[in-house]
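Just below is one structure, and these are the notes that go with it.
The values are calculated or read from the model by the stated rules, or taken from the named source; none is laboratory data. Predicted model only: the values in this text are computed from it and were never measured. Note: ideal-geometry Cβ built from the backbone for every residue, glycine included; neighbour counts use all protein chains shown. Surface accessibility is based on the protein's heavy atoms, side chains included, excluding ligands, DNA and RNA. Shrake-Rupley method; radii C 1.70, N 1.55, O 1.52, S 1.80 Å.
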Amino acid sequence: MHWTAEQQAILAHPLDAHALVHAAPGAGKTTTLVGRVARLAERVDGERVRVVMFNKAIQETFTARLDAAGITGVKVTTFDALGLEVLGRAERRGLLTRPLEVAAHRTREWAQLVHRRFARKIESPDDIAAAVGFWKAHLVTPNRAACEDAPELVEAYQALEDLRTRGGQALQVDFPDMVYTAVAVLRRYPRLLGPIDHLLVDEFQDVNPARVELLRLLMHEQTTLMAVGDADQAIYEFSGAHPRFFHDFAATFTHRPTRTYPLSHSFRFGPTIAAAARSLIAHNDERFPIDVVGRGAQPGKLERTDDVPGTIERLLAAGYRADDIAVLYRGRLQGTSVLAELAARRIGMETDDLDFVRKGRGPELALAYLRFATSDAPVAFDDAWAVVFAPDRYIRKEAFANQIRRLGAKGLRVVLGNTRAAREADQPRGAIEAMSELADLLARMGKCRTAGGALDLLVAETDIPAQLAGRKRSEAEAEQAVAGFEAVHTLLRGLKVGPAEAAQALAELDPRAGRPPEQCVWVSTIHKAKGKEWRAVLLPRLTEGLCPAGRQDLALGTVDAPAGVDPSDPLEQERRIFYVGLTRASECVYLEVTPHAPSRFVAELGLARPALVAPASKPRVRKPAAGEGKTTAWRPNEDAAVTAARDAGEDLDELAERLGRSRRAVEARLELLDALRQRAEARRRRREEEE
């Protein structure tokens, strides 16, 4: 094995000091760790050495590499497994007051049960599970938790703990509980696992307070700790991790001196990608100044693309394997449209995120319209109201419930089209007109040949963003709902199925398109790509508000710090996430830079202007379906922008370019908004006259 000078220094690290290794992306840290363990095994008892890896998959890979090197006796584990080992040892020694039960993946189930009590105030069970995981990562018990923006989350945390412990009668532990509970045990019975002389921890930038405390309580005065990681890749603050433990390492583990080592040479990518990565991350102030050096086999390149599926098709045609390619996005808002676009083009995807397109208020609304357009089956009030309610229809809820009770067995279109029943239910004249128009729209949608065509008709005559926003609990929820609707619209247009078959086609959609995994492109969030690499990486939808994300998570705090637990700068967090996505590529990075509000991170890459402007593919032209108007839903902020620009006399061509839409699309949207405004105003006046 040929070791670099940086690696040799780490391998020769003395036995009586801590070590902090700053490892750049692709710098061979795993290989170096294997070498370090091999050196330790030659000099110390392997059973008194522990290696802690970030997750089970990496732990299994590392163990296999030790086996291949003939190294035995050294235990490789994860933090969760280490916590569970502590609890198991405590149970065998009779130190637990209640029987231990491993309840893997039950937190989500408990959160769903608790959410039923808080559904009006908390958006989803995932919000509860995430908050609970964050507080436990910070060793915050329910009676010390606080959240100024959503105090009901604290109540939900307590309710979930009551379920988990069965009111104090059981000790069920899921993954978020393993370290959290182990620390509580170790505070009473420290060093429960016996003497550990040498600890080696990978991905140390992603540790949280609970994990740091677990390490401290397992160490004795002679224990040394080698921590390996990259603070520039610290991207898990949302789940409780914090890069400060990397910066404050020597001050945290004070019983031994600390030596610091760099691993700055990346063997993954060459100088072009390395230069862009250095330029980007240099904009962060809160970092250890290590500069990555590109020593990969290829010099690398970064290009702009405006056609993600087309770029993938060209790479495949050029000889790339599908599993050499990844599409990585910041979060759900970006991913929803990307997934729909790729699925519509029948590009096989290895992904866990297809539910971004299939689930949520946006997809549910699209499918509900299509279902009622093609079926006269009996309808219940809740299902009907989900489609019928819109701010500009002025339909009275109680009156509509009476209409459903009277005519719901005959289907929604009959309910909407029966003006006599509507008058008898005391609906205002404007609402009766709106229901008649909706009945007519549903009838016309049902006659469309394809579901995509039916949704084209729907968005041309209905303000879908306003309808979705009418029931929002937050701006983020409304944006995601609109993105979900748009994604289903895009996908169904590509699948070319009939309106009646849309729901089944979406439910049965195979993201791999019938291909084996090795013939599929990896598609995921950047967080799920951590630790992986591909020859080509596509970073789509690089727009301010999406990357960097425009909204931050709720500030979860404690009674001592109710405004939040010491987060790092939000923009620096976002830049680190983009840095991780960028550095997954070994040969080429394709940036989908939107013309409207392009991400600041693209400019921070320090590329020459032509690399940012010249598209890597033939520009796509947005064309409405034959005989139809606009084909995609608009967001509320875009509606406000076009209306304000029109009122201010702004040139529509400039406005269209700024929004990344055609002039025809802008004109069509203005006509629709004017028509909807006039219709709403007429209904409002008639309603006032009747009252």
Exercise for the section: Go through Pro378, Pro363 for me and flag whichever is in a loop (DSSP other than H, G, I, E, B) and either closer than 20 Å to Asp463 by Cα or not assigned by the TED database to the domain that holds Thr583 (or both). Expected result: Pro378
Handout entry: Where a residue in region 40-60 is closer than 18 Å to Pro195 by Cα and its partner, wherever it lies, is assigned to a helix (DSSP H, G or I) and of a type in the set (Lys, Arg), with Cβ under 9 Å and at least six apart
Key = Val52/Arg211
Practice task
Using the structure shown, decide if Asp352 is open to solvent by 10 Å² or more (accessible area, probe 1.4 Å), touching a residue at least 24 places away in the same chain (Cβ under 8 Å), charged (D, E, K, R) and in contact with a Lys or Arg (Cβ under 7 Å, 6 or more places away or on another chain).
Solution key: no
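Pick from region 567-609 the residues that are among the charged types (D, E, K, R) and under 22 Å from the mean Cα position of the chain (by Cα): which of them is surrounded by the fewest Cβ atoms within 10 Å (Cβ to Cβ)? Steps first, answer last, please.
Taking region 567-609 first, the residues among the charged types (D, E, K, R) are 569, 572, 574-576, 584, 587, 592, 600, 604, 609.
Subsequent filtering for residues that are under 22 Å from the mean Cα position of the chain (by Cα) retains 569, 572, 574-576, 584, 592, 600.
Details: Asp569: 11, Glu572: 20, Glu574: 20, Arg575: 23, Arg576: 25, Arg584: 25, Glu592: 25, Arg600: 16.
Taking the candidates together, the pick is Asp569.
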Exercise for the section: Tell me, yes or no, whether region 404-411 has at least one residue that is surrounded by fewer than 20 Cβ atoms within 10 Å (Cβ to Cβ) and not in a helix (DSSP H, G or I). Expected result: yes
Handout entry: In region 631-672, residue modelled with the lowest pLDDT [restricted to those that are small (Gly, Ala, Ser) and over 20 Å from Phe485 (Cβ atoms)]
Key = Ser662
Handout entry: Per-region count, region 525-566, residues at positive phi and under 19 Å from the mean Cα position of the chain (by Cα)
Key = 3
Problem - Residue that is aromatic (Phe, Trp, Tyr), open to solvent by 40 Å² or more (accessible area, probe 1.4 Å) and farther than 24 Å from Leu218 by Cα, where the choices are Trp110, Trp3 - result: Trp3
Exercise for the section: Please determine, by comparing only the residues of region 138-155 that are part of a helix (DSSP H, G or I) and over 23 Å from Arg98 (Cβ atoms), which one is farthest from the chain's Cα centre (by Cα). Expected result: Glu155
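Residues are listed down the side, and each one gets a yes or a no for (1) assigned by the TED database to the domain that holds Thr374; (2) in a helix (DSSP H, G or I); (3) in contact with a Ser or Thr (Cβ under 8 Å, 6 or more places away or on another chain):
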site	(1), (2), (3)
Ala466	yes, yes, no
Glu477	yes, yes, no
Val482	yes, yes, no
Glu486	yes, yes, yes
Arg493	yes, yes, yes
Val497	yes, no, yes
Ala500	yes, yes, yes
Ala503	yes, yes, no
Practice task
Enumerate the pairs (first residue in region 92-106 and over 16 Å from Ala184 (Cβ atoms); second residue anywhere and part of a loop (DSSP other than H, G, I, E, B)) with beta-carbon separation below 6 Å, excluding pairs fewer than 6 apart on the same chain, so at least 6 apart or on different chains.
Solution key: Ala103/Asp174; Arg106/Asp174
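Restricting attention to region 214-236, which residues are acidic (Asp, Glu) and either touching a strand residue (DSSP E or B) at 6+ places or on another chain (Cβ under 8 Å) or surrounded by fewer than 21 Cβ atoms within 10 Å (Cβ to Cβ) (or both)?
If the condition is that a residue be acidic (Asp, Glu) and either touching a strand residue (DSSP E or B) at 6+ places or on another chain (Cβ under 8 Å) or surrounded by fewer than 21 Cβ atoms within 10 Å (Cβ to Cβ) (or both), then Glu221, Asp230 are the ones that fit.
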